[in-house]
Amino acid sequence: MGAKGDKKFEEIIEVAVKEFTECGYENTTMQNIAQKAGLSKGGLYHHFSSKAEILLVLNATIINSIKEICDRIDLRPTAEEGLNRFIEEYISFWLTKPDELQLYFITFNYAYKDQRIVELYSSSNEYLRSKISLAFEKMNIRFEIQNSQKSELIDAKARSLALMSCLDGYLGNLLFDTQIEPDRMIKEIQRIFVK
């Protein structure tokens, strides 16, 4: 497999995203990717052993970018600021990468056939939810210190899952409804989950 930073590797990745989003995973072939990347089929196999491996690498690249966004939650002065910024950056990331957004949803149709993708997303989801959950727990601690009303504490784990489900649901709607105003949605999601 080629390495990130290798110009040909990057070109293959770019071509593969286009092929998968335009033709779908099932209709994309290694031959088509090779041809559009200016390689022989053997040249493509030098970098990747299969289109499943290409899909896996594409998704791992996307997930690493999302993890970087999530890691910045801790860099804000408060958990609320970190979560609000995460929501903004998460949505903005996908808005600037419409092909990758489409690929993200295409992958879900294929994931059940490839345990590696299931494991990649399971691990990623666990990582994201734990980071987000930690921020919600910090909000709970601050709330307890300020109020002493334990009945109003949030279930941090459930709220982190609900937030990610809401964000991904919104992104799915973006594929079909371009009239949804991102700034308005960001503010509403922040209001519901962070305040």
THR78, sole failed condition from (1) in the same structural domain as GLU126 (by TED's automatic domain parsing); (2) in contact (Cβ under 8 Å) with a residue 12 or more places away in the chain; (3) within 29 Å of THR178 (Cα to Cα): (3)
ALA37, sole failed condition from (1) assigned by TED's automatic domain parsing to the domain that holds LYS138; (2) at pLDDT 95 or above; (3) not polar (S, T, N, Q): (1)
Residues of the range 170-195 that turn out to be without any contact (Cβ under 8 Å) to a residue 40 or more places away in the chain and farther than 12 Å from ILE91 by Cβ, as a count: 6
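Please report, ordered by residue number, the helices (runs of 4 or more DSSP H) entirely within the range 1-120 with at least 3 residues that are crowded, with 19+ Cβ neighbours inside 10 Å and under 21 Å from the mean Cα position of the chain (by Cα).
In the range 1-120, 7-23, 51-71, 79-95, 98-111 are the helices (runs of 4 or more DSSP H) which contain 3 or more residues that are crowded, with 19+ Cβ neighbours inside 10 Å and under 21 Å from the mean Cα position of the chain (by Cα).
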Close pairs from the range 10-26: first free of Cβ contacts under 8 Å to residues at least 40 places away in the same chain, partner among the basic types (Lys, Arg), Cβ under 6 Å, at least 6 apart: VAL15/LYS36
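The values are calculated or read from the model by the stated rules, or taken from the named source; none is laboratory data. Note that the structure is a prediction, hence the values are computed from the model and not measured. Every residue, glycine as well, gets a Cβ built from its backbone with ideal geometry; the counts of neighbours run over all protein chains shown.
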